Amino acid sequence: MNFDDYRGIWIYIEVKDGQVAPVSLELLGAGRALADKRKTELAGVLIGSGVKTVAPTLFQYGADVVYVYDDPIFEHYRTEPYMRALLDCCHKHKPEVILYGATPSGKDLASAIATDLPTGLTADTTILDIEEDTGLLLASRPAFGGNIMATILCKKYRPQMATVRPKVMKALSPDPSRTGRVVEEHIELHEEEMRTKVLEIVRETTKKVRIDEADIVVAGGKGMGSKEGFQLIHQLAEVLGGAVGASRDVVEAGWIDHHHQVGQTGVTVTPKIYFAIGISGAIQHVVGMQNSDLIIAINKDPNAPIFQSCHYGIVGDAFEIIPLLIERFKEEIPKVKAAADVKEEIRHA
Amino acid sequence: MLHIVACIKQVPDTKIIKMNPKTNTMDRASAPAILNPYDAHAVEEAVRLKKEYGGIVSVLTMGPPPAVKAIKKCIELGADEGYMISDRAFAGADTLATSYALTKALEKIAKQRPIDLIICGKMTIDGDTGQVGPGIARRLNIPPLTGVNKVVEVNKEKGYAIVHRKLEDGYEVVKSQLPCLFTVEKDINDISFAPLPNMIKAARYQPTIWTADDLENVDRKQLGLKGSPTIVSKVWAPPKPEGGKILTGTKEEQVNELLSIVLQKKELFS
């Protein structure tokens, strides 16, 4: 394997409902920095049906090249056809690095590609760097439930690959003047040879705010004592119009569904305000919320590590503090609303 | 009759593992070894399908000799047969080398009794990657179905399975040819209590144990540390954040101060 044949940083682009997934834009931002350091090109690999139209967006967010496989066979993500397309692209254009979002389909595809090439794959990366002269990718991630950080290297194989956690890297501000090269690719695939078929896609639109999209997340931990005690978390979230989050042990105790779990093995959230209540603050939890704008911790134990990871903390019993908070918010939030309405009226007058 | 193989792993319970603050290494003795929680759901689902359609459930693991305990746990859950591959040659394997070794063992199991379905947990709690299951599927050239949270139907006669795959905002219904491989989510089932006869069987059970030499057509260069493209170059404790401001005063004063901090973000409430 001659490493000099492998050039360029690639991002596997996910498209949903005609929109580029946020994680793909974040990866273009991270990839741009790596490509600049290596003085090489940043490419997006776009696989789908009717997806060609998003190429300009990818240029605006940092891509120099977009490889496109546009065919009805790629309508829904399926391992087999997507893998065949990406393998085809790898063999033709030989990238030095491929990054994928650590999403269900990103992880699925990356695992298959790594096995077939074969090459090394680092999962759930949170810090990326590259050696300027050797092109060695330094992919770091929390390991052992987030108790430690580990830097993983792939010295003997190319391309080097990593999946990257959503909401960790920063997308660039789009530059409408930026443009690039579209390379249309094609691979011969036949539907009747595909061994899987997507019969139906069911979107579960619950009334509740999606936790990774909420502006306010109120998260509770084992300190809430019981499923009944955890109801206070729900009540505070409701008053604030926020979503409910939870630590891993709360989910494992069955107090709330896995969808609400914040942390390394759950969801990463970056709300405007994050409440961590009765949560001790293990690294595994903190990695899932540390980029929130404002983190407020409430815990009985003054030595709880969560107080190291918050902006403001209250040392005290959640069962005393939260009812007080709920009562006061109920009084004050309508006043904030009223004040805003008055302003709005004045503006219109 | 279905032959379902669940691939499992014994892991340290990472929730309770303690760090040695001086050396930045994990004190493995501080954490008990358990059956990877996701794998328990894989075995449970295999046993559930066995009850529904009839068949045999085998479990396979790679690990040091004490990992027999994890196989016994699976027997308690209702598995029929246990296989373990154990050899120094497997040590230090990353996900690629692990899927290679497990695939060789699966090929040997399949020679004795053809396999219809392989079920893995979504990921392990010590590796946190979820890459081994899809890797095995690729090596066996069978479809990988990751993130399965419901099995609708397994039809051996007609050679297909229908499952729900979890998406970020719902699920998709997928039909796949058999044989195939599922990796399963935790919400696919609830772990049932082991009935007494299973516990008695498990206590006495001795799994089949194979070394690297017992497997066929093995390329030793692909095993263990040698066969692993990724290496851990550095391990460090995550940087300690500086810490926040602890509010003081009476309960009421603290609550009021917090209130004014939160309500500064007026736009969230208007």
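FYI, it's all coordinate maths here, none of it is from the lab. For clarity, every value in this text was computed on a predicted model and none was experimentally measured. Note that we place each Cβ from the backbone using ideal geometry, even for glycine, and neighbour counts take in every protein chain shown.
Key figures
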| quantity | calculated |
| --- | --- |
| Approximate spin-label separation residue A:92-residue B:250, in nm, with each point projected 7 Å along Cα-to-Cβ | 7.4 |
| Chain B: calculated mean residue ellipticity at 222 nm from DSSP helix runs of at least 4, using -39500 (n - 2.57) | -9000 deg cm²/dmol |
| Extension gain, residue B:199 back to residue B:266 (0.36 nm per residue minus Cα-Cα distance, nm) | 18.2 nm |
| GNM flexibility winner over chain A from A:336, A:45, A:65 (Cα, springs under 10 Å) | A:336 |
| Reduced Cα scattering model of segment A:3-193, Debye log10 I(q)/I(0), q = 0.14, 0.16, 0.19 Å⁻¹ | -0.72, -0.95, -1.37 |
| Cα long-axis angle, helix A:79-93 against chain A (0 to 90 degrees, to the nearest 10) | 50 |
| Residue exposure sequence - A:152, A:306, A:98, A:201 - by fewest surrounding Cβ within 10 Å | A:201, A:152, A:306, A:98 |
| Packing-based exposure ordering (other Cβ within 10 Å, fewest first) of B:73, B:266 | B:266, B:73 |
| Pairs of lysine residues in segment A:3-193 - Cα separation under 19 Å, sequence separation of 8 or more or cross-chain | 10 |
| Other protein chain Cβ atoms within 10 Å, averaged over every residue that makes up B:135-141 | 4 |
| Mean residue ellipticity (222 nm) of chain A, computed from DSSP H runs ≥ 4 via -39,500 (n - 2.57), nearest 500 | -9000 deg cm²/dmol |
| Fluctuation leader among A:297, A:338, A:35 - chain A, Gaussian network, Cα springs under 10 angstrom | A:338 |
| Semi-axis lengths (Å, descending) of the ellipsoid that matches the C-alpha gyration tensor of segment B:117-231 | 27, 23, 17 |
| Helix A:231-240 axis, angle to chain A major axis (alpha carbon atoms, nearest 10°) | 80 |
| Whole-Å distance, taken between Cα centres, linking segment A:142-176 and segment A:287-349 | 32 |
| Ellipsoid semi-axes in whole angstrom, largest first, where each is sqrt(5λ) of the Cα gyration tensor of chain B | 39, 25, 19 |
| Shielding score for A:153-160, defined as the mean number of other chain Cβ atoms within 10 Å | 3 |
| Cα coordinate range in segment A:1-77, projected on the principal axes (Å, largest first) | 35, 27, 17 |
| Centre separation in Å (Cα based) which lies between segment A:229-263 and segment A:100-127 | 30 |
| Cα gyration tensor, chain A - rounded (a/c under 1.5), prolate or oblate | prolate |
| Highest-fluctuation residue, B:185, B:45, B:168 considered, GNM on chain B with Cα pairs under 10 Å | B:168 |
| Cα principal axis extents for segment B:138-186, largest first, Å | 32, 24, 16 |
| 22 Å Cα cut-off, lysine pairs counted over segment A:216-348 (separation 8 or more, or different chains) | 7 |
| Peptide-level mean, for B:96-102, of C-beta atoms on other protein chains within 10 Å | 2 |
| Theoretical gain in end-to-end length, residue B:91 to residue B:232 [0.36 nm per residue, Cα-Cα removed] | 49.3 nm |
| Virtual spin-label span in nm between residue B:209 and residue A:36, 7 Å along Cα→Cβ | 5.6 |
| At R0 = 35 Å, FRET efficiency that the Cβ-Cβ distance of residue A:3 and residue A:127 yields, to 0.05 | 0.90 |
| Percent of C-alpha pairs per 5 Å bin, segment A:214-286, short to long | 4, 20, 32, 28, 14, 2 |
| Selection of trypsin sites (Lys or Arg not before Pro), segment B:159-228, meeting DSSP coil and at most 16 other Cβ within 10 Å | none |
| Kirkwood-Stokes translational diffusion coefficient of the protein assembly as shown, alpha-carbon pairs, 4 °C, 1.567 mPa s, µm²/s | 50 |
| Using alpha-carbon coordinates, inclination of helix B:68-77 to the longest axis of chain B, degrees | 90 |
| Chain A: relative contact order in percent, alpha carbon pairs under 8 Å with at least 6 residues between | 14 |
| Virtual spin-label span in nm between residue A:183 and residue B:110, 7 Å along Cα→Cβ | 3.5 |
| Per-selection Kirkwood Rh - segment B:212-270 (Cα, Å, 1 d.p.) | 18.0 |
| Förster-model FRET efficiency, 60 Å R0, residue A:327 and residue B:51, C-beta, rounded to 0.05 | 0.70 |
| In Å, descending, principal axis extents of the Cα set of segment A:216-348 | 50, 28, 28 |
| Over segment A:160-238: Rg over Rh, Cα atoms, Kirkwood Rh | 1.15 |
